[in-house]
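Asker: Provided herewith is a single structure, encoded as structure tokens, for subsequent inquiry.
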Amino acid sequence: DLMAGVDAAVERGWADPDRLGVCGLSGGGNLSSWIVGQTDCFKAAVPENPVTNWQSFYGVSDIGVWFSVEQLGGHPHEIPEVYARCSPITYAHHCTTPTLMVQCESDYRCPAEQSEQFYTVLKANGCTVEMLRLPGGSHASSINGQPAVRRAQNEALLDWMKRFV
């Protein structure tokens, strides 16, 4: 589904297939992390405060116990294969896309360990990866947080895309 939208944008001339970047916050961070493990068509990625591992998210997020069950259809011990199949971390070792992880330090919705796990797998497999940790920021601080946090995120995102796209 993700790539169908990208393909349609390319077919209509709205996007240049040689200059594609992907980014997103929260669920968009999850999808950004997911897609770079599935394809190498993106020149750069910036997942922000993502869910990358549904198994650990279940236990560390402030909504993990009920949200994971709602989204995936059961508890990790009941459907471990679904948790693995739906986790970007499962496919992270395939990623070749230069990736900047953006993580707010005080995010209890998608805690820093989600970005840290993904970062570690990319780094261990030779992918270009960096992490920007925003001090004191909560889940949506790059949108509604302190101006300094919003500025740092915006500048990092633009710089990453300029460097690689």
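The values are calculated or read from the model by the stated rules, or taken from the named source; none is laboratory data. What you are looking at is a predicted structure, and each value in this text was computed from that prediction instead of being measured. No Cβ is skipped: glycine too gets one built from the backbone with ideal geometry, and neighbour counts run over all protein chains shown. These area figures cover heavy atoms from the full protein model, side chains too; ligands, DNA and RNA do not enter into them. Shrake-Rupley method; radii C 1.70, N 1.55, O 1.52, S 1.80 Å.
Asker: Sorted from largest down, give the three principal axis spans of the alpha carbons of the range 2-60, whole angstrom values.
Answerer: Over the range 2-60, Cα extents along the principal axes are 43, 18, 17 Å.
Asker: For Rg and Dmax of the Cα atoms in Å, one of (i) 15.6, 46; (ii) 19.9, 68; (iii) 16.5, 57 was computed from the structure I shared and the rest are decoys. Which label?
Answerer: Here the calculated entry is (i).
Asker: Quick query: amide H of VAL129 versus all other amide H atoms, modeled in the peptide plane; which residues come in under 5 Å with a sequence gap of 5 or more or a different chain?
Answerer: THR99
Asker: Still on this model: Work out the FRET efficiency for GLN146 and GLN38 from their Cβ-Cβ distance, taking R0 = 45 Å, and round it to the nearest 0.05. Show your work: numbers first, answer last.
Answerer: Details: r = 35 Å, r/R0 = 0.77.
The value I calculate is 0.85.
Asker: Excluding SER138 itself, what net charge comes from residues whose Cβ is under 15 Å from its Cβ, given Lys and Arg +1 and Asp and Glu -1? Please report the intermediate quantities before stating the final value.
Answerer: Values: positive: ARG109, ARG133, ARG150; negative: GLU48, ASP62, GLU105, ASP107.
Taking every Cβ under 15 Å from that of SER138, the sum is -1.
Asker: Would you please name the chymotrypsin sites (Phe, Trp or Tyr not before Pro) within the range 3-63 that are DSSP coil residues with at most 14 other C-beta atoms within 10 Å of their C-beta?
Answerer: On the way: sites: TRP14, TRP34, PHE42, TRP54, PHE57, TYR58; in loops: TRP14, PHE42.
Here the chymotrypsin sites (Phe, Trp or Tyr not before Pro) that fit, given the DSSP loop and packing criteria, are TRP14.
Asker: Then there is this: Which longest uninterrupted range of the chain lacks any GluC sites (Glu not before Pro) assigned by DSSP to a loop state (not H, G, I, E or B) and surrounded by at most 15 other Cβ atoms within 10 Å?
Answerer: Working: sites that count: GLU78, GLU105.
That gives 1-77 as the longest site-free run.
Asker: Hey, what did the range 107-165 get for relative contact order, percent, Cα under 8 Å, at least 6 apart?
Answerer: 26
Asker: Distance between Cα centroids, the range 99-118 to the range 1-71: provide it in whole Å.
Answerer: The range 99-118 and the range 1-71 have Cα centres spaced 14 Å from each other.
Asker: Counting only protein heavy atoms and a 1.4 Å probe, tell me what percentage of the range 1-84's accessible area is made up of carbon and sulfur. Don't skip to the answer; put the middle values down first.
Answerer: Numbers: 2210 of 4170 Å².
Answer for the range 1-84: carbon and sulfur cover 53 percent of the accessible area.
Asker: Only sites in a loop by DSSP and with at most 15 other Cβ atoms within 10 Å count here; which chymotrypsin sites (Phe, Trp or Tyr not before Pro) in the range 66-161 make the cut? Spell out each step's value before the answer.
Answerer: Details: sites: TRP66, PHE67, TYR83, TYR91, TYR108, PHE118, TYR119, TRP160; in loops: TYR91, TYR108.
The qualifying sites are TYR108.
Asker: OK, next. Tell me, what is the FRET efficiency for THR128 and ASP18 to the nearest 0.05, using R0 = 25 angstrom and their Cβ-Cβ distance as r?
Answerer: For R0 = 25 Å, the calculated efficiency reads 0.90.
Asker: Relative contact order of the chain, please, whole-number percent, based on alpha carbon pairs below 8 angstrom and at least 6 residues apart.
Answerer: Answer for the chain is 22 percent.
Asker: Roughly what % of DSSP beta bridges within the range 44-165 run antiparallel, to the nearest 5? Please report the intermediate quantities before stating the final value.
Answerer: On the way: 0 of 8 bridges.
For the range 44-165, the DSSP antiparallel bridge percentage is about 0.
Asker: What's the local net charge at GLY73, with K and R +1, D and E -1, over the other residues with C-beta under 15 Å away? Mind dumping the intermediate values first?
Answerer: Numbers: positive: ARG85; negative: GLU70, GLU78, GLU81.
After counting each charged neighbour, the total is -2.
Asker: If you don't mind, another one. Considering only DSSP states other than H, G, I, E and B, which trypsin sites (Lys or Arg not before Pro) in the range 4-50 qualify as loop sites with at most 13 other Cβ atoms within 10 Å?
Answerer: Sites meeting the loop and neighbour criteria: ARG12, ARG19.
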